[in-house]
């Protein structure tokens, strides 16, 4: 049986973390008629902005690389506060999506949290169905195309 583990991100992981981020934007950028180099520069800028936001808003969060039998396959970011926890992000490389790994990570995080857990997800993201299976419900709040969901 394969083992899914998390390990803290390091500077050496930056190229991989960018690759994971970029893979999450493939569908969106496929419709944009920009040259490949422009797309890469755009993605790098967006990645840096997101990283800065996450590290500022959730300074004590777990920023981890997801590994499958020691091979990096994605990223997992989560934060535990005194009154609630935030599932910041789970992103897996495309070949690893839809295999139950995200569900395993959500289950672990929810169990570890032992309290209310919130997250933001794009309304059209297929991961929304995963979160609903774990009891997350929309709160009625939104942030652009993202809706806030909560459990507990």
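The values are calculated or read from the model by the stated rules, or taken from the named source; none is laboratory data. If you're wondering where the values come from, they're calculated on a predicted model, not measured in any experiment. Here the Cβ positions follow ideal geometry from the backbone for every residue, glycine too, while neighbour counts run over all protein chains shown.
Would region 113-125 turn up any residue that is free of Cβ contacts under 8 Å to residues at least 24 places away in the same chain and surrounded by 11 or more Cβ atoms within 10 Å (Cβ to Cβ)? Don't jump to the end; show me each part of the working.
In the first step, residues of region 113-125 are kept if they are free of Cβ contacts under 8 Å to residues at least 24 places away in the same chain; the result is 114, 124-125.
Narrowing the set further to residues that are surrounded by 11 or more Cβ atoms within 10 Å (Cβ to Cβ) leaves 125.
Yes, region 113-125 contains a residue that is free of Cβ contacts under 8 Å to residues at least 24 places away in the same chain and surrounded by 11 or more Cβ atoms within 10 Å (Cβ to Cβ).
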- Residue pairs meeting the criteria (Cβ under 6 Å; at least 6 apart or on separate chains; first at negative phi, in region 22-44; second assigned to a loop (DSSP other than H, G, I, E, B)): 23/93
- Query: Tell me, which residue of region 15-39 that is touching a helix residue (DSSP H, G or I) at 6+ places or on another chain (Cβ under 9 Å) and at pLDDT 95 or above is surrounded by the fewest Cβ atoms within 10 Å (Cβ to Cβ)?
  - Reply: 34
- Residue satisfying all of: in region 56-111; in a loop (DSSP other than H, G, I, E, B) and either at positive phi or touching a residue at least 40 places away in the same chain (Cβ under 8 Å) (or both); nearest to the chain's Cα centre (by Cα) among these: 93
- Those residues of region 133-152 that are without any contact (Cβ under 8 Å) to a residue 12 or more places away in the chain and part of a helix (DSSP H, G or I) come to a total of 0
